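Every number in this text was worked out from the coordinates using simple rules, so none of it is lab data. Bear in mind that the values here come from a model prediction, so they are computed numbers and not experimental data. A quick note on method: Cβ atoms are made from the backbone with ideal geometry, for glycine too, and the neighbour counts reach across all protein chains shown.
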Amino acid sequence: MDCSLLRSLINRYCAGEENWVDSRTIYIGHREPPSGTDAYIPQRYPDNRIVSSKYTFWNFVPKNLFEQFRRIANFYFLIIFLVQLIIDTPTSPITSGLPLFFVITVTAVKQGYEDWLRHKADNAVNQCPVHIIQHGKVVRKQSRKLRVGDIVLVKEDETFPCDLIFLSSSREDGTCFVTTASLDGESSHKTYYAVQDTKAFRTEQEVDTINATIECEQPQSDLYKYVGRINIYQDRDEPTARPLGSENLLLRGATLKNTEHIFAVVIYTGMETKMALNYQSKSQKRSAVEKSMNTYLIVYLCILISKAMINTVMKYVWQSDPNRDEPFYNHKTDSERQRNTLLKVITDFLAFMVLFNYIIPVSMYVTVEMQKFLGSYFITWDDDMFDSELGEGALVNTSDLNEELGQIEYVFTDKTGTLTENNMEFIECCVDGHVYVPDAICNGQILTGTVGMDMIDSSPGAGGKEREELFFRALCLCHTVQVKEEESVDGIKKGLQPCGKSSSVYISSSPDEVALVEGMKRLGFTYLRLKDNHMEILNRDDDIERFELMEVLSFDSVRRRMSVIVKSSTGEYYLFCKGADSSIFPRVIKGKVDQVRARVEHNAVEGLRTLCVAYKTLAQDEYESVCKQINTAKLALHDRDKKLAEAFDVIERDLILLGATAVEDRLQDKAADTIESLHKAGMKVWVLTGDKMETAAATCYACKLFHRNTQILELTTKRTEEQSLHDVLFDLSKTVLRHCGSLTRDTVSGLSHDVPDYGLIIDGATLSSVMKPTEEGSSGNYKEIFLEICRNCSAVLCCRMAPLQKAQIVKMIKTSKEHPITLAIGDGANDVSMILEAHVGIGIMGKEGRQAARNSDYAIPKFKHLKKMLLVHGHYYYIRISELVQYFFYKNVCFIFPQFLYQFFCGFSQQPLYDTAYLTLYNISFTSLPILLYSLIEQHVNMDILKRDPSLYRDIAKNSLLRWRVFIYWTLLGVFDAVVFFFGAYFLFDNTTFTSNGQMFGNWTFGTLVFTVLVFTVTLKLALDTQYWTWINHFVIWGSLLFYIIFSLLWGGIIWPFLNYQRMYYVFMQMLSSGPAWLGIILLITISLIPDMLKKVICRQLWPTSAERIQAKRQCLSVEPSTIFMLSQTSSSISF
Amino acid sequence: MMASSYNAKEEDGQLSGAAGSGGVGAGKSKKPDNTAFKQQRLPAWQPILTAGTVLPAFFVIGLIFIPIGIGLFVTSNNIKEFEIDYTGIDPASPCYNCSQTLTWNSTKPCVCKIPFTLEQSFESDVFMYYGLSNFYQNHRRYVKSRDDSQLNGDASSLTSPSKECEPYRTSDNKPIAPCGAIANSLFNDTLTLYYINPNGTESLVPLQKKGIAWWTDKNVKFRNPGGNNFNLTAVFQGTSKPVNWQKPVYELDTDPENNGFINEDFIVWMRTAALPTFRKLYRLIEKKNNMIPTLQRGNYTLDITYTHFPIQCSDYPVRRFDGRKRMILSTISWMGGKNPFLGIAYITVGSVCFFLGVVLLIIHQKYGNRNNSAEIPN
């Protein structure tokens, strides 16, 4: 956490300010380089100890207490407690000290236990043995004693003990396979490459002779970024410098797979490893409910303060008469008399604060936390959200946002992998306008010859044949797919399992590539393996062609293309490039661009993912210059990415277009149904994708985001080229606003024919110009107009989006003037930014790794699970927590307001109405469990109905159950009830007897009577609100009332030896022995409950919400089945 | 900012990270149990508060409450209560002199006689109360100014009373027994009642002082120190009497069963009243035989014997804070003394419920069907 980061920072600075440099130099094996090299700046590195624990044995108590009291709520209660200790207050410090102590202790124990576990884990990690090379021998050492510069030996299935630079491997090609499952959750095997010049050092002795230094940047947290340089000294020559990149960097926490052993040198240790640096917690998101809760808290704090002030002022007015202040029977002590007036006033004010402080109860925080924590288990337990294919159910990463799931207004979804399966299937390819379709998915055998090809156009000529084969070769070569020979890959298992003739499986981080390589296999060109830097292809004639892989210009989402440079066996250099059409076409100088473009567009409309393939041949000298460019860029320590991009840009030019491919990405199961439900639930669904507009639009139609009668508004580069952005925006807004009047709120169905339904399509370029501040500074204007248009569109499709733009859009909507609640859902690393930005981020445990799931608040296996997540869980959590919050405030108004009233009858002397035990236990035990249970299992409507009728979601939109009106209603109800309790008891007691033996009751009986009515009323009020009575509810509600009675009997039944007062002795029993007390209790409970009951009934009858209508309908229906059943019974009996 | 508190989620994340090799994918691939609780499908009763269901409840409440209310009201009205204010504010009042500090003769207790007439005879047991008003027995400083363990006979508390008793904790360097403001201000007017026979002679109405305090208080909560030692003088040796008292606590009564801390007048006083206007049970007048009413109608005199108040130099001084002293004679029914409130409240609530029932019925008839019929085709 922050602390560890801080610690490492401090460590760095302690090492000496002057030593702080941007890069570090590491001597492999601590071997000094030959003299004459750059001045060596000694740096001190931390040892390889991972400290994830927060506390030590000694600092646990002070540090933990400090941490806990930093929270404002705890601090508030601590202050109250201290006030009680210092000044003479009406209630004993125990009343607030005990709950506080309880909460603090429980939290401390929990944190202590967690920290102990962490210590244990740390120790296990820190002490686990590692093998290091010293003087040509393998030596065992504890992990924590590793130092920067050590050479370590890692064997198969071992975890890397720190961040390492890969020197050599037992595999001949100098590669190794690694899974980073515990780092980013991706369980697929990744290939890492040893440094070229050291991969020949294969034994301990050899490795020990390496004489090299590594220069690299100081540790940073990005797992996928690393820049460094290795200088290898051989025989006193000038050192050879080699670039080091993330492909050479083995990260702590990753595991070595399928490789016997490797040698590597330690570069980052302990808290400086990338894993440790990634521990930083995400920023906390807060839900709307929590925000309203905090507002209410402030209101209650104001109420509390004003109550205390009123009473303080009244006290001094009242006791200005000395005969009232100090009547003969009630003298003050001398010290009290002599006290400074101001001090007295302050003391009195504080005493009143203490007396009324229960209005903001500690237990509310505990209950809310428990509700959230325990409640989130229902999501993980949910069987409907379990995906048997993945073997996983939903995951909850933050339980703070459960109720926010019921408040979503905007859903931003990724397309690939979220709406679609990300399960790619090669559909066709097009070479110079000739379309090739591989035979339908393997029906038993793979067709290796041309027989399997279905030519749509006429057969190409001889030149065409050559081009065609070049195209196939290009696709076979231009990728980063690995071939996994045996099974046992738990990652992406794509391939030919049922019908393949070899058992090889293609693995890649991009499913498109796998689909393409497989498609090529079906078209006769099989990619076999990468061996010794040679890619082997089995061509149609079953000959093996070998190409030397010279360079890989890897894919990135900005360039949207990748290239490889290969050398054929005949010595020719080829550059093959594949990428999105928009990034290829501008770079093409030759080829049948128009035909291909036509085909690409045709395919895109079909909803297929298209890629274009181009090539160029390079002469030897061209290749060398290219090589140089790339290497200089790769060697750069700073801005390497930028330089690389520049280099790539120069290289990937003047291409010759070969053709295009089309890959289908099937829609996810029930995606359309889910989107439709979300629409009906009043949510606006935006699709944000990096895909082409046509492809994306087709998907949107397929998943019913757009309907046949949706009027599509386009805001794309194409249009803005014709008109200025300004005009387009105004045009669109006019179109939309024309119907604004007719767009009534009541578009519940959303499908009615008379109201036009708008859908907006915008692309990334236009969006950035909308968002970009223009010179006149009218960007705000554009943004406003754009938002206005969006608001009136039920669906928006944003295509061609960069990852960061996704987040920008989410942010723009989030901060627009209605402050709608947003949800972002995605599956890939490119969705992480938007997942983090949105109010609720949902990750799909998809194929593109688990980064999204890891960074999300909730992770679900499939998009369709979103429906239940929002419509059922979100709805339930929202109604549960809103009732919880309102009820908590209500019951504490009921609790404290009589105390306030009592002050007017006891000379404003801060005399508490209730006994200490009651004050303490009211919120802890008498009234806590029923509401906690309610907030865990209440269901006002069956979940099947919620799922079937998404419009019910609109009932709770806009935080409707926590509006001010509702809040005021609850507060007023609380005040009313409190007045009833107090004055009811007052009139019962007023100057009369109510026992049948003439004996009198005292003030404690009065308080107990009020308290009894109070406990019963608030519990029964909750019982009235409960609409889902399981046996647990019965048990808890009646149980807690019973507990109150038993406790009171016990509390008053014994002279408690440890108490210095016995004021409650037999008070409760005496009260129960009096008939009028019983009658009074029943009467007062009835009076308190009637108004709320009446309000409920009348509101339900006259202004029912849709949930209430459904309930009524259900009730009607529930009568019917039995009748129908009986009828069928009779009819069947008749027929017999 | 406040509620994001009592959890340690961030740490949880760290935990799994620190374990390092602990697989993320492993172990979690367990299918959730398909139990009714976990799937939130517990069988449940789902009542709905509709006009239809609440209607009968309202009528039933009305039907039950109104008779109870009438019963209570009648009972309350049948209770006979007589109240007399003897504060002596009015100079014409016989107690005026006694209540004036200056005219007080400190050697002889002042006695005043107030004649009164009972218009009706009190048939059953009569309870005699004294009442005070504007007397804040529920003032916090007052309520806590006692030591329950001292009163429970604890020897150590007898000699060193609780600090709460300040400033009535010690006098003359000796601990006060019983300590505290409550005990110190023990009501000390002595009330006696005389029936004036038709022939003009006065006959004392027998007042019983046993049974005015709670049984548990008398027998458990309050105990004299020294166990069964009836020589209270010795037991209370070394303690001082409360400053306002004339006699020490062991001389409150001659009856050893009603002396010291277990004196019932004392116990009654020690139960602090809830409100500033209160009454406390003083004496019982038991019905002797069935033929004669407990108190016949006719003329009576109330004799008030004031006890000397050492510090204040007056009677039990309530006039300074505008207080009043009253004597109340009351009969008691099963529902206690005269209190029309409960009866009236029951009748009112019952009628309101009945009325609401009717209103709901109308609403139900008028709107209920429309709602349902409108909804069902949907």
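Each of residue A:712 and residue A:1078 was given a label point 7 Å from its Cα along the Cα-to-Cβ line. The distance between the two points is 7.7 nm. Summing charges over all other residues whose Cβ lies under 13 Å from the Cβ of residue A:127, with Lys and Arg as +1 and Asp and Glu as -1, gives +4. With a threshold of 21 Å on the Cα-Cα distance, the over-threshold entries among A:692/A:806; A:817/A:868; A:680/A:867; B:174/B:221 are A:817/A:868; B:174/B:221. For the range A:402-418, backbone phi angles converted through the Karplus equation (6.51, -1.76, 1.60; θ = phi - 60°) give residue-by-residue couplings of 3, 6, 5, 4, x, 10, 5, 10, 10, 10, 9, 10, 7, 9, 5, x, 10 Hz, Gly and Pro being listed as x. Taking amide H positions as modeled 1.01 Å from N, with prolines and chain starts lacking one, the residues under 5 Å from residue A:415 and 5 or more places away or on another chain are A:688, A:690. In this simple spin-label model, placing a label point 7 Å from the Cα along the Cα-to-Cβ direction at both residue A:377 and residue A:341 gives a separation of 6.0 nm. Residue pairs exceeding 30 angstrom between C-alpha atoms, taken from A:814/A:1095; A:811/B:38; A:141/A:274; A:110/A:190: A:814/A:1095; A:811/B:38; A:110/A:190. Which pairs in the list B:247/B:280; A:257/A:285; B:209/B:325 are over 30 Å apart, alpha-carbon to alpha-carbon? Where the Cα-Cα span goes over 30 Å, the pairs concerned are A:257/A:285. By the count of neighbouring beta-carbon atoms within 10 Å, fewest first, B:33, B:315 end up ordered B:33, B:315.
Considering only the Cα atoms of the range A:310-405, their convex hull presents on average a projected area of 10.9 nm². Electrostatic tally near residue B:277: other residues with Cβ closer than 14 Å to its Cβ, Lys and Arg +1, Asp and Glu -1, net +1. Considering only A:928, A:226, B:94, the residue lying farthest towards the positive end of the dipole of the protein assembly as shown is B:94, judged by Cα position with unit charges set on Cβ.
Where only DSSP H runs of four or more residues are counted, chain A gives -14500 deg cm²/dmol as its mean residue ellipticity at 222 nm, each run worth -39500 (n - 2.57). Normalised by the number of residues in the range A:1036-1105, the average gap of Cα pairs under 8 Å and 6 or more apart makes the relative contact order 19 percent. In summary, the aspartates and glutamates within cross-link reach of residue A:199, defined as a Cα separation below 15 angstrom excluding same-chain residues under 8 places away, comprise A:172, A:173, A:208, A:247, A:260, A:532.
By the count of other C-beta atoms within 10 Å, a proxy for reagent exposure, A:167, A:635 are ordered fewest to most as A:635, A:167. For residue A:670, the aspartates and glutamates whose Cα falls under 12 Å of its own Cα, not counting residues fewer than eight places away in the same chain, are A:421. The order of A:531, B:38, going from fewest to most other C-beta atoms within 10 Å of their C-beta, is A:531, B:38. With a Förster radius of 45 Å applied to the C-beta separation of residue A:333 and residue A:70, the computed FRET efficiency comes to 0.70. Residue by residue, the range A:604-611 carries 3J(HN,Hα) couplings of 4, 5, 6, x, 9, 8, 10, 9 Hz when phi is fed to the Karplus relation 6.51 cos²θ - 1.76 cosθ + 1.60 (θ = phi - 60°); x denotes Gly or Pro. Near residue A:263, once Lys and Arg are set to +1 and Asp and Glu to -1 for all other residues with Cβ below 10 Å from its Cβ, the sum equals -1. Contact order, relative form, for chain A: 11 percent (alpha carbon pairs under 8 Å, 6 or more residues apart, mean separation divided by residue count).
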